[in-house]
Amino acid sequence: MSVTQMPQGTAVVDTGSGLPAGAADTGGAPAPAGLAAIELVGVSKSFSSRDGNVQAVERIDLAIGQGEFFSLLGPSGCGKTTTLRMIAGFEEPTQGRILLYGEDMVGVPPNRRDVNLVFQSYALFPHLNVFENVAFGLRRRKVPHDAVRRRVGEVLELVQLEGRERRRPKELSGGQQQRVALARALVNNPRALLLDEPLGALDLKLRQAMQIELKRIQREVGITFVYVTHDQGEALTMSDRLVVMNEGRIEQLGSPREVYEQPRTRFVAGFIGTSNLLSGRVARVVGGSALLDLGPGERVVVPLRGGAVPGQHLDLTVRPEKIDMTGGPEPPEAECRIRGRVTDVVYLGSSTQHVVVTSTGASMVVFSQNRGTSGEASAPTHDVWLSWRAEHSYLLAEQEQAGDEEPREETGGTQ
Amino acid sequence: MTLRMRARLAPYLLILPGGLWLAIFFVIPIIALLALSLDTGNLINGFRETFHVATYVNQLSQYHTQFIRSFVYGTIATAAMIAIGYPVAYWIAFHGGTRKSAYLFLLILPFFVTFVLRTVSWQFLLADQGIVLGTLKNWGLLPQGFRVLSTNFAVIAGLTYNFLPYMVLPIYVALERMDKGLLEAASDLYANRREVFRRVVLPLSIPGVFAGILLTFVPAVSDYVNAEILGGVNQVMIGNIIENQYLVNNNYPQAAALSFVLMAALLIGVFIYARALGTEDILSVSSG
Ligand SMILES: Nc1ncnc2c1ncn2[C@@H]1O[C@H](COP(=O)(O)OP(=O)(O)OP(=O)(O)O)[C@@H](O)[C@H]1O
Ligand SMILES: [Mg+2]
């Protein structure tokens with residue numbers, strides 16, 4: 001995770017989280033083997049606007065492997081589109097280098113980069129029919145007419161739009177337009193396909209269908225996909241690996257499972273899924289794990305990545321579905337257990353969500369399956385025990401100190 | 001009245017004001033014009049309806065030169081307006097930045113002055129011994145016999161100048177409302193700058209050019225002010241003849257016949273033009 005394979009084979013860590021380098025070396029998703037399809041080295045981008053400079057992207061290091069489905073995930077304005085546009089060539093980085101298959105792309109215009117962008121708004125040519133829209137790139141590359149007809153036919157079949165060649169974009173539904181946009185990029189067989197929230201304009205059902213479709217197409221053609229989304233569910237289900245971005249920086253890079261189960265920072269924990277945050281002081285360090293100082297009978301163990309000293313303040317997170325909830329005064333047999341009081345119960349159909357305030361004052365969310373046995377759900381004000389296995393405690397990186405190197409111009413009020 | 005009846009009547013009620021307007025200011029005058037063109041008589045004894053079709057024949061044989069000249073001038077001026085107006089519109093739309101409205105304002109600023117005065121000021125500027133030509137001649141940079149006024153060039157240039165904004169504005173609108181993402185999409189799909197223009201910008205701005213042609217060609221062909229002020233005896237356009245027949249000779253039937261032929265010729269031309277391109281394309285500037 002967060003490991004960028006440099007050409008020389010050295011591992012460089014930049015999570016923007018102020019972690020010591022060693023702390024990140026806990027295995028994780030395989031970094032791309034061999035030559036990376038796309039590589040970003042120390043890429044920054046700032047825009048000058050009326051009210052000063054906007055730092056859209058800040059010192060990003062990334063290596064995306066060939067044939068990988070790679071996602072950029074983050075909240076609005078975190079620099080996802082800017083990153084993609086720099087790869088496509090519509091913006092030049094203010095600093096750093098962008099490599100495509102090892103070749104430096106700085107100064108190369110978009111029409112001479114072998115990547116294609118699927119625009120969020122599709123940007124289909126309204127004066128051309130579906131066939132001519134898809135054929136546009138091939139024609140610019142002077143592909144012979146027969147080959148154009150064959151290739152366009154194949155790709156339209158791939159996106160299931162055969163028979164619609166003569167339609168104008170206006171005469172297609174949103175999902176069909178989206179597939180034309182995809183076909184228009186795919187037909188060129190680029191070295192990488194860049195997709196900027198391609199499903200953003202679709203309704204939920206169509207979006208889910210298209211997610212499966214996109215994944216199928218990516219498997220079939222084997223092209224590297226760089227996928228931008230602010231939908232964490234989408235990123236988790238579709239990606240081989242993903243980065244979570246925040247304010248122009250990479251917060252965490254890893255497989256969906258790692259990012260979900262082992263969020264490295266408070267931000268990632270909060271952005272991806274419902275997260276439960278606990279904090280406390282270290283009582284003892286035993287065999288690579290820290291025991292937190294809590295009330296009688298309570299115990300929380302968290303595996304450490306670096307060192308820790310007694311008395312040190314730690315933040316950790318536990319995913320709601322990993323937590324068991326039991327009533328009664330007897331503490332359960334578990335590595336981690338903490339007392340709490342139910343404050344809120346929400347019936348969700350197949351499960352029930354409980355909000356529990358722990359003895360430390362933290363508010364935690366717990367899900368319990370509704371298996372039909374009565375009394376499973378606890379009513380508000382009930383005292384309960386929450387318990388989980390030590391491996392599901394996940395240590396968060398300490399919060400970044402403000403102004404850790406160069407101050408961000410547009411910082412403020414985002415905590 | 002039932003709702004259904006009202007719903008069926010609604011379109012007709014809505015079209016009523018426009019329909020009345022057309023009837024009063026277009027259909028009735030045309031019929032009156034046609035009737036007048038077939039009259040005989042004179043101003044003192046009055047005109048009477050005699051269905052005298054011969055007026056058309058003799059007027060056309062007498063003034064076909066001016067007719068043809070008007071269409072030639074109009075065509076050249078319209079072409080010149082496209083050649084000058086397109087780049088201007090393009091520049092304002094794509095490179096105007098935050099000052100687009102200011103540039104557009106500058107473009108139409110001269111047109112706050114009356115048509116005739118504007119043209120007269122050109123006459124003043126371009127006079128044979130005026131500030132420009134006179135000075136150049138005094139410096140020996142131009143031969144004494146050189147002239148601009150009373151040439152074909154002067155009249156066509158005057159037409160071009162006077163109607164230019166009506167060409168620039170519709171082209172500007174078409175370019176301005178074009179989704180700039182399309183230009184990026186084209187260059188992402190391997191189009192170089194020339195191909196981006198030729199394959200995307202130009203086809204999408206054609207409706208604006210068509211609208212500009214409609215707005216400028218018709219008034220340019222029927223104009224008489226430019227020929228009157230900037231032209232000489234060899235630049236007389238059909239508009240001047242009509243004006244002369246009405247106001248000087250007071251031969252109303254002849255003037256009406258010429259007007260009618262001019263109008264019919266323009267209408268047929270516009271109709272063929274619209275047919276050839278499809279009205280949809282002409283009118284689709286707004287539907288982008
Ligand atoms: N051309 C520009 N000029 C000035 N600032 C810009 C420009 N483009 C982007 N920015 C700024 O850079 C930051 C990142 O923008 P970007 O479009 O990359 O965000 P994003 O992650 O794609 O967000 P969203 O999910 O809303 O699309 C924002 O603060 C934005 O205001
Ligand atoms: Mg974006």
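The values are calculated or read from the model by the stated rules, or taken from the named source; none is laboratory data. Computed from a predicted structure; not experimentally measured. All Cβ positions, even for glycine, are placed from backbone atoms using ideal geometry, and neighbour counts span all protein chains on display. Areas reflect the complete protein model, heavy atoms only, side chains present, ligands, DNA and RNA absent. Shrake-Rupley method; radii C 1.70, N 1.55, O 1.52, S 1.80 Å.
Here are some notes:
- The simple spin-label model puts a point 7 Å past each Cα toward its Cβ; for B:TRP139 and B:ALA23 those points are separated by 6.4 nm.
- Accessible surface area normalised per residue over chain A is 45 Å², counting heavy atoms of protein chains with a 1.4 Å rolling probe.
- Within chain B, helix-based [θ] at 222 nm, where runs of 4 or more DSSP H residues each add -39,500 (n - 2.57), nearest 500: -23000 deg cm²/dmol
- Long-range amide H partners of B:GLY231 with built H, under 5 Å: B:SER150
- Per-residue shielding of A:85-98, expressed as the average number of other chain Cβ atoms within 10 Å of the residue Cβ, stands at 1.
- Estimated distance in nm for a label pair at A:LEU277 and B:ASN192, the labels positioned 7 Å out from Cα along Cα-to-Cβ: 5.5
- Accessible surface for chain B, divided over its residues, is 57 Å² per residue with a 1.4 Å probe.
- Computed helical MRE - 222 nm, chain A, DSSP H runs ≥ 4 contributing -39500 (n - 2.57), nearest 500: -6000 deg cm²/dmol
- For chain A, the carbon plus sulfur part of the accessible surface works out to 48%, probe radius 1.4 Å.
- Full extension of the segment from A:ASP51 to A:ASN370, taken as 0.36 nm per residue of separation minus the current Cα-Cα distance, would add 109.5 nm.
- For the range B:31-41, 3J(HN,Hα) per residue [Karplus equation, 6.51 cos²θ - 1.76 cosθ + 1.60, θ = phi - 60°, Hz, x = Gly/Pro]: 5, 4, 4, 4, 4, 4, 5, 9, 7, 10, x
- Kirkwood-type radius of the range A:266-396, with distances r between different C-alpha atoms, in Å: 15.1
- The listed residues B:PHE153, B:PHE163, B:PHE115 rank as B:PHE153, B:PHE115, B:PHE163 when sorted by accessible area, largest first, using a 1.4 Å probe.
- For A:VAL345, the accessible surface of its heavy atoms amounts to roughly 50 Å² (probe 1.4 Å, protein chains only, rounded to the nearest 10).
- Mean separation of Cα contacts under 8 Å, 6 or more apart, over the residue count of chain B: relative contact order %: 27
- Rounded accessible area of B:ARG69 (nearest 10 Å², 1.4 Å probe): 50
- Highest-MSF residue in chain A out of A:PRO198, A:PRO303, A:PRO263 [GNM, Cα springs under 10 Å]: A:PRO303
- Distance from the range A:57-80 to the range A:286-317 (C-alpha centre basis), Å: 33
- GNM top mover of A:LEU291, A:LEU35, A:LEU348 - chain A, alpha-carbon springs below 10 Å: A:LEU348
- Approximating the spin labels as points 7 Å out from Cα along Cα→Cβ, the B:THR98-to-A:GLU157 distance works out to 5.4 nm.
- Heavy-atom accessible area with a 1.4 Å probe sorts A:LYS142, A:LYS215, A:LYS205, largest first, into A:LYS205, A:LYS142, A:LYS215.
- Length-normalised contact order for chain A - Cα pairs under 8 Å, 6+ apart - percent: 16
- Structural descriptor for the range A:248-401: relative contact order 27 percent, calculated from alpha carbon pairs under 8 angstrom and at least 6 residues apart.
- Size of the A/B contact, given as accessible area buried on both chains, probe 1.4 Å, in Å²: 1900
- The fraction of accessible area contributed by carbon and sulfur in chain B is 70 percent, rounded to a whole number (1.4 Å probe; ligands and nucleic acids excluded).
- Spatial offset of the range A:207-261 relative to the range B:156-221 amounts to 41 Å, using the alpha carbon center of each.
- Lysine pairs in the protein assembly as shown whose alpha-carbon atoms fall under 26 angstrom of each other, counting only those eight or more residues apart or on distinct chains, come to 10.
- Projected-area mean, the range B:62-287, by convex hull of Cα positions, square nanometres: 16.0
- Each of the peptides B:18-24, B:76-82 was scored by the mean count of other Cβ atoms within 10 Å over its residues; in descending order, highest first, they stand as B:76-82, B:18-24.
- The packing ranking of peptides A:363-369, B:121-127, B:42-48, B:100-106, highest mean first, is A:363-369, B:121-127, B:100-106, B:42-48, where packing means the average number of other beta carbon atoms within 10 angstrom of each residue.
- Note on B:172-182: average number of Cβ atoms from other chains within 10 Å of each residue's Cβ is 2.
- Residue of A:ASP240, A:ASP61, A:ASP114 that the Gaussian network model of chain A assigns the largest fluctuation, springs spanning Cα pairs under 10 Å: A:ASP114
- The mean number of Cβ atoms from other chains found within 10 Å of a Cβ in peptide A:120-126 is 6, as a whole number.
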